[in-house]
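For reference, the structure is listed below as structure tokens.
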Amino acid sequence: METALYLVKVGELTLKSGNLKDFEQRLVQNAQLMLEGRKAKVSLRAGRMYIEGPEEAAGAIEYALTHLIGITGWARATVVPKEPKAMQDAVLAEALKARDGGAKTFKVEARRSDKSFPLNSFEIARLMGEPVFDGGIMAVDVHHPDAQITVEVRERCFVYGPENKGHRGLPCGTGGKGLLLLSGGIDSPVAGYRMLRRGMKDRLPLFPFPSLHLARGTGEGGKPRKNHGAVRHRDTSECSSVHRRPGAHQGQRAA
């Protein structure tokens, strides 16, 4: 069965020292929770998180990584033996995909965590770029390339193309709990997002009653609200029924 493997950069939490394992464990748990039922395996070691699952789960894995807080970036990677020919073939495949996508120039970025590998990072980058340049597939531009191909030599060799940016920050649940009151404007959800990025676990009470903001056509801070006339309110949610006073029903007024 064909599998999809994703290499994930964890970023800021690597600055922790005594409680690093707690942060790593929370990040892995958050990823596993988002991928529950997808038969995906999540692991973290040496500053990288790895997610591997069946090909049919690739879309769900990418969706989870797009929304996971606590990572700086991710990419789908190809795993090859730590042999120059196999590594060159993987780089060549990535280069052909980049050229088909419209890229004219490229750069190979190499990282060598396995110091027993006989080539250093510069030699790896030069050797991996040779078949792409010699084959006339793309020209080299080390400053502003259209496509960057990365080769990481770790316990295995990983080759990947474009990286996707993550939300950065710290894993949710590592910074305690917070209470966020959602109102009708943009300020409160932005504040909640920033709280999540600092590791807080938000509780979100929502009061969906017609507000003075809506009635006056203003947003948070008293600023004019655009298209406020298009807003429609229905006081039928579970939250509103909980917070209404006893006896207050549709068509009735509580004493």
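A few comments on the model shown:
- Compared with the direct C-alpha span, the chain from LYS177 to ALA93 gains 25.6 nm at full extension, assuming 0.36 nm per residue.
- As a calculated quantity, the FRET efficiency between GLU155 and ASP187 at R0 = 45 Å, using C-beta atoms, amounts to about 0.45.
- From the alpha carbon centroid of the stretch 18-76 to that of the stretch 127-172 is 21 Å.
- Spin-label proximity, ALA86 to the stretch 123-165 - amide N less than 12 Å from point 7 Å beyond Cα toward beta carbon: 156-159
- Selection from TYR63, LEU15, VAL153 lying farthest towards where the dipole of the stretch 3-165 points positive, charges on Cβ: LEU15
- 25 Å Cα-Cα threshold exceeded, pairs from LYS21/LYS107; LYS107/LYS165; LYS85/LYS165; LYS9/LYS107; LYS115/LYS165; LYS41/LYS115: LYS21/LYS107; LYS85/LYS165; LYS115/LYS165; LYS41/LYS115
- Here the Karplus curve 6.51 cos²θ - 1.76 cosθ + 1.60, taken at θ = phi - 60°, turns the phi angles of the stretch 145-157 into couplings of x, 6, 9, 10, 10, 10, 10, 10, 9, 10, 5, 10, 9 Hz, with x standing for Gly and Pro.
- Around GLY169: net Lys/Arg minus Asp/Glu count, Cβ-Cβ under 9 Å: +3
- The stretch 79-137: chymotrypsin sites (Phe, Trp or Tyr not before Pro) falling in loop per DSSP and having at most 14 other Cβ within 10 Å: none
- In Hz, Karplus ³J(HN,Hα) per residue of the stretch 128-143 (6.51, -1.76, 1.60; θ = phi - 60°; x = Gly, Pro): 6, x, 4, x, 6, 6, 5, x, x, 6, 8, 8, 8, 8, 7, 9
- If R0 equals 45 Å, the separation of the Cβ atoms of SER121 and LYS201 corresponds to a calculated FRET efficiency of about 0.70.
- Taking the convex hull of Cα positions in the stretch 1-106, its mean projected area over all directions (nm²): 8.4 nm²
- Amide H contacts of LYS201 (H built 1.01 Å from N, in plane; Pro and chain starts excluded): GLY173, GLY175, GLY176, LYS177, GLY178 sit under 5 Å, all sequence-distant by 5 or more or on other chains.
- Charging the Cβ of each Asp and Glu at -1 and of each Lys and Arg at +1, and nothing else, the dipole of the stretch 3-165 about its Cα centre rounds to 440 debye.
- Projected label points at LYS104 and LYS21, each 7 Å from Cα along the beta carbon direction, are separated by 5.3 nanometres.
Coordinate-derived values only; no laboratory data. Small disclaimer: the values here were computed from a predicted structure and weren't measured. Quick reminder, even Gly has a Cβ in these numbers, built from the backbone with ideal geometry, and neighbours come from all protein chains shown.
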